[in-house]
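For reference, the structure discussed in these notes is given below.
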Amino acid sequence: MNIVTKNTLSKVPEVTLIFWIIKILATTLGETSGDAVSMSMNLGYLVGTAVFAALFLVAVIFQIKAKSFHPYLYWVTIIATTTVGTTLADFATRSLGIGYAGGSSLLLALLITSLFVWYRSLGSIAVETISTPKAEIFYWVTIMFSQTLGTALGDWTADTAGLGYGGAALLFSGMLGCVVAAYYWTSISRTSVFWIAFILTRPLGAVVGDFLDKPTSAGGLELSRYTASFVILAIIVACIMTFPQRAGKSGAH
């Protein structure tokens, strides 16, 4: 198994507090912008998925070809995974009729398979080892599955489980709080903590995005999806400009 041992720079940012703030904002943007294309523009989930999948592939190609870490390119790629995740999850759970439980189960299986194959191929799934094209491909495929799974989980808890957007947001916030506590007060694998937190931020962003743009009759604020998306995007850009990010150090894990 090939584990990176050199102290080279990774193609992903250091995992800091601002990383998680931008990640949650990006997942919220993915929900509002995904709904804007599939619902407000009336393109439907399948066409919306095709559009965002194309954007995702282009962004990933540029990201992999880049010689070093570029904050804007990285976060554009993350946003692309959240938008395609939104429309793909909606297509799977609604248009295909397998429901939130079926969609979540299928996507969880795909996510676990991706992580397993990645680990068996390269010997590590730690983000600190993302410094080769092969590792990057595994990284982005895994992220795309996690973003899609998160959308289905968010819808499942808010709608099927009857928690509503506020209740679901509190649930996932509480779960993230438990992950933070485990990070500081237990010896749990840091890699496991990262991926658990990464997955949980997606349903949190999904239910927050739904809360912003869904009708008031359904418990939302019924804000314009275009306005909400623009404001969230502006906040993300402001965060990147205000808090410069550095590439993470690559090393064995």
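The values are calculated or read from the model by the stated rules, or taken from the named source; none is laboratory data. Not measured: the values here are computed from a predicted model. When we count neighbours, we look across all protein chains shown, and the Cβ atoms used for this are built from the backbone with ideal geometry, even at glycine.
Is at least one residue of the range 214-223 outside any loop (DSSP other than H, G, I, E, B) and touching a residue at least 12 places away in the same chain (Cβ under 8 Å)? Checking the range 214-223: not a single residue is outside any loop (DSSP other than H, G, I, E, B) and touching a residue at least 12 places away in the same chain (Cβ under 8 Å).
Looking only at the range 110-130, which residues are small (Gly, Ala, Ser), assigned to a loop (DSSP other than H, G, I, E, B) and within 17 Å of the chain's Cα centre (by Cα)? Correct list: ALA126 only.
Here is the figure for the range 62-105: residues that are of a type in the set (D, E, K, R) and either on the phi > 0 side of the Ramachandran plot or touching a residue at least 12 places away in the same chain (Cβ under 8 Å) (or both) total 2.
Contact map, the range 138-162: first residue under 17 Å from GLY30 (Cα atoms) and at pLDDT below 90, second residue of a type in the set (A, V, I, L, M) and not in a helix (DSSP H, G or I), Cβ cut-off under 6 Å, separation 6 or more or different chains; the map is empty. The residues of the range 207-242 that are surrounded by 22 or more Cβ atoms within 10 Å (Cβ to Cβ) and at pLDDT below 90, listed by number, are ASP210, ASP213. I'd like the residue in the range 48-81 that is at pLDDT 90 or above and of a type in the set (Ser, Thr, Tyr) and, out of all such residues, is surrounded by the fewest Cβ atoms within 10 Å (Cβ to Cβ). The extreme case among them is TYR72.
Reported count of residues in the range 63-88, each being assigned to a helix (DSSP H, G or I) and small (Gly, Ala, Ser), is 2. When the range 8-44 is filtered for residues that are hydroxyl-bearing (Ser, Thr, Tyr) and either under 14 Å from SER224 (Cα atoms) or touching a Gly at 6+ places or on another chain (Cβ under 9 Å) (or both), the ones remaining, listed by number, are THR8, SER10, THR27, THR28, THR32, SER33, SER38, SER40. Within the range 37-47, the set of residues being over 13 Å from ALA89 (Cα atoms) and buried (at least 22 other Cβ atoms within 10 Å of the Cβ) comprises just one member, VAL37. Filtering the range 146-199 to residues that are buried (at least 17 other Cβ atoms within 10 Å of the Cβ) and among the aromatic types (Phe, Trp, Tyr) leaves TRP156, TYR165, PHE172, PHE194, TRP195, PHE198. How about the range 131-182: which of its residues are in contact with a Lys or Arg (Cβ under 8 Å, 6 or more places away or on another chain), not in a helix (DSSP H, G or I) and not polar (S, T, N, Q)? Residues satisfying the conditions do not exist here.
A quick yes/no check of all residues on (1) basic (Lys, Arg); (2) in a helix (DSSP H, G or I); (3) over 16 Å from the mean Cα position of the chain (by Cα):
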position: ILE22; (1), (2), (3): no, yes, no
position: VAL37; (1), (2), (3): no, yes, yes
position: ASP90; (1), (2), (3): no, yes, no
position: GLY97; (1), (2), (3): no, no, yes
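Taking the stated definitions as given, is LEU107 within 19 Å of the chain's Cα centre (by Cα), assigned to a helix (DSSP H, G or I) and surrounded by fewer than 22 Cβ atoms within 10 Å (Cβ to Cβ)? For LEU107, the condition - within 19 Å of the chain's Cα centre (by Cα), assigned to a helix (DSSP H, G or I) and surrounded by fewer than 22 Cβ atoms within 10 Å (Cβ to Cβ) - is not met.
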